[in-house]
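Student: Here's a structure for you.
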Amino acid sequence: MRTKGNKSAKVSVITMGCSKNTVDSEVILAQLKAGEVEACHQHKDDSDTIIINTCGFIDNAKEESINTILDYAQLRKDGRIEKLLVTGCLSQRYHEELAAEIPEVDAWFGTFDLPKLLKNVGVDYKKELVGERQSTVAKHYAYMKISEGCDRPCAFCAIPIMRGKHVSKPIEELVFEAKNLVRQGVKEIMLIAQDSTYYGIDLYGERRLHELLDRLSDVDGLEWIRIHYAYPSKFPFEILPLINSKPNICKYLDIPVQHISDNVLKSMRRGITKRRSLEVLDRIKAEVPGIALRTTLLIGHPGEYQEDFDELYEFVKNYRFSRLGVFTYSHEEGTAAYGLEDHVSRAEKYERENAIMDLQHDISYELNQQMVGKEYKVMIDRIEGGNYIGRTEFDSPEVDNEVLLPFENQYLRVGDFVNVKIEKAEPYDLIGRPQIKH
Ligand code: SF4
């Protein structure tokens, strides 16, 4: 396909990194479509223009983004694509250095350069399309970014360097976006941000996540609303009665605690102590019985000594999170921790990460046994290997447990809700049988 003037004929958008990047790519695709440029998500051989939406969070993610750029740089050099554009966090952070090293890239854009990026492929940015996006995940669920950037000072984190200060999207705009998504067939939304519990402070002068949740829960057709990226310090407990009372707000909360040792929490500048972290988690569990708590831990941060790790290990063992993920510390220039000694070796980091994940594997297995014999509302996500694959309200897409329903004499569609009796449980999967179709 050949470009006409500077208007690209067909664009492939390649997304790296987190769900926030997924939303940004979906916005790019909607703008390209409105600009009458044929566009698709992920690589298509007949595309003349490639846009790579990169991730610049930690070393592994950066490496993956750079390798992807180099792959396309080769296609550019071979003349198999006419234009190679790079945007997203890695480009925001390192475009000068990268531009010097990879001259095959035609242009580099930052995380706030959407109008310029579109201009480069011959499309004018349309403000009126706010809330419009072209789904790249599933038709029945979507991520909704409620704010951009972050005001927190976490010592290890480069995100504020790439995404700037915290900016909340107005409630009206998000309700409009949710209604749009429901019109497109979406039944479940994941609320995402760098820090979703900070929502509203910049815009309304106070935390308004509860009000946003309340308004979204009134959107007809929205069956599941899920909260991700809650921050434990100054946690807005006013959202808990809503999670309890609104049937379409999932009894699920993603709340990264990162660590539990006071020494490490201090070194991380998390603004919270072990005692306060436990108080927050205990109150959430007490006020929303049966809630599934997902957390994320960061292993190997400067200041984490063996006794700190042992303390974290005991915490995971005793607290028994429903869902848990682990990152290993990455020494990121420009962050406050970069001035500290990165004294935990790569081998020690992976050893500690594996120890926690082995522990969580067993905890998840034990917790899943408690679901056997019970019935749950399950959303069918896909059909694979002779099974319908779905999730309960306690599981977010792509990161949590799945429910496997062997094909039987029941026809189910992707996006359907079905009542399922759990018959068997494995560490990260449940096997069940459909009961009644909703
Ligand atoms: S809350 Fe902390 S870890 Fe999360 S994006 Fe903000 S600075 Fe980074």
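The values are calculated or read from the model by the stated rules, or taken from the named source; none is laboratory data. These numbers come from a predicted model, not from an experiment. No Cβ is skipped: glycine too gets one built from the backbone with ideal geometry, and neighbour counts run over all protein chains shown. The area values use the complete protein model at the heavy-atom level, side chains included, leaving out ligands, DNA and RNA. Shrake-Rupley method; radii C 1.70, N 1.55, O 1.52, S 1.80 Å.
Student: Can you tell me how many residues within the stretch 138-196 are of a type in the set (Val, Ile, Thr), near the ligand (Cβ under 10 Å from one of its atoms) and open to solvent by less than 10 Å² (accessible area, probe 1.4 Å)?
Tutor: Looking only at that region, the number is 0.
Student: Next up: Being in contact (Cβ under 8 Å) with a residue 40 or more places away in the chain and either within 19 Å of the chain's Cα centre (by Cα) or assigned by TED's automatic domain parsing to the domain that holds His228 (or both) is the filter here, so list the residues in the stretch 380-397 that pass it.
Tutor: Across the stretch 380-397, the qualifying residues are Asp381, Glu393, Phe394, Asp395, Ser396, Pro397.
Student: Continuing with the same structure: Is the stretch 353-372 home to any residue that is at pLDDT below 95 and open to solvent by less than 60 Å² (accessible area, probe 1.4 Å)?
Tutor: Taking every residue of the stretch 353-372 in turn, none turns out to be at pLDDT below 95 and open to solvent by less than 60 Å² (accessible area, probe 1.4 Å).
Student: Please determine whether any residue of the stretch 206-220 is within 16 Å of the ligand (Cβ to nearest atom), touching a Phe, Trp or Tyr at 6+ places or on another chain (Cβ under 9 Å) and modelled with pLDDT of 95 or more.
Tutor: Checked against the condition, which is being within 16 Å of the ligand (Cβ to nearest atom), touching a Phe, Trp or Tyr at 6+ places or on another chain (Cβ under 9 Å) and modelled with pLDDT of 95 or more, the stretch 206-220 yields at least one hit.
Student: Just need a number here: residues in the stretch 238-256 that are aliphatic (A, V, I, L, M), assigned to a strand (DSSP E or B) and within 16 Å of the ligand (Cβ to nearest atom).
Tutor: 1
Student: Follow-up. Report yes if some residue within the stretch 104-121 is open to solvent by 50 Å² or more (accessible area, probe 1.4 Å), within 16 Å of the ligand (Cβ to nearest atom) and under 20 Å from Thr15 (Cα atoms); otherwise report no.
Tutor: Looking through the stretch 104-121, none of the residues is open to solvent by 50 Å² or more (accessible area, probe 1.4 Å), within 16 Å of the ligand (Cβ to nearest atom) and under 20 Å from Thr15 (Cα atoms).
Residues checked against (1) surrounded by fewer than 17 Cβ atoms within 10 Å (Cβ to Cβ); (2) aliphatic (A, V, I, L, M); (3) part of a strand (DSSP E or B):
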residue: Glu26; (1), (2), (3): no, no, no
residue: Ile51; (1), (2), (3): no, yes, yes
residue: Asn60; (1), (2), (3): yes, no, no
residue: Ala73; (1), (2), (3): no, yes, no
residue: Leu90; (1), (2), (3): no, yes, no
residue: Glu97; (1), (2), (3): yes, no, no
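Student: Also, quick follow-up: Has the stretch 4-17 got any residue that is modelled with pLDDT under 95, in a strand (DSSP E or B) and under 17 Å from Leu117 (Cβ atoms)?
Tutor: Yes, some residue in the stretch 4-17 is modelled with pLDDT under 95, in a strand (DSSP E or B) and under 17 Å from Leu117 (Cβ atoms).
Student: Quick check: anything in the stretch 346-369 in a loop (DSSP other than H, G, I, E, B) and out of contact with any helix residue (DSSP H, G or I) (no Cβ under 6 Å at 6 or more places or on another chain)?
Tutor: no
Student: Please state which one of Ile225, Ile284 is part of a helix (DSSP H, G or I) and buried (at least 19 other Cβ atoms within 10 Å of the Cβ).
Tutor: Ile284
Student: How many of the residues in the stretch 326-342 are in contact with an Asp or Glu (Cβ under 9 Å, 6 or more places away or on another chain) and open to solvent by less than 50 Å² (accessible area, probe 1.4 Å)?
Tutor: 5
Student: One residue is enough: does the stretch 374-393 have a residue meeting the conditions at pLDDT 95 or above, assigned to a loop (DSSP other than H, G, I, E, B) and farther than 22 Å from Met144 by Cβ?
Tutor: So far as the stretch 374-393 goes, yes, one or more of its residues are at pLDDT 95 or above, assigned to a loop (DSSP other than H, G, I, E, B) and farther than 22 Å from Met144 by Cβ.
Student: Out of the stretch 257-281, which residues are within 12 Å of the ligand (Cβ to nearest atom) and surrounded by fewer than 20 Cβ atoms within 10 Å (Cβ to Cβ)?
Tutor: Arg269, Gly271
Yes or no, residue by residue, for (1) aliphatic (A, V, I, L, M); (2) within 30 Å of Thr136 (Cβ to Cβ):
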{"site": "Glu348", "(1), (2)": "no, no"}
{"site": "Ala355", "(1), (2)": "yes, no"}
{"site": "Gly386", "(1), (2)": "no, yes"}
{"site": "Arg391", "(1), (2)": "no, yes"}
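Student: Among the residues of the stretch 359-379, which ones are without any contact (Cβ under 8 Å) to a residue 60 or more places away in the chain and among the acidic types (Asp, Glu)?
Tutor: Passing the criteria: only Glu366.
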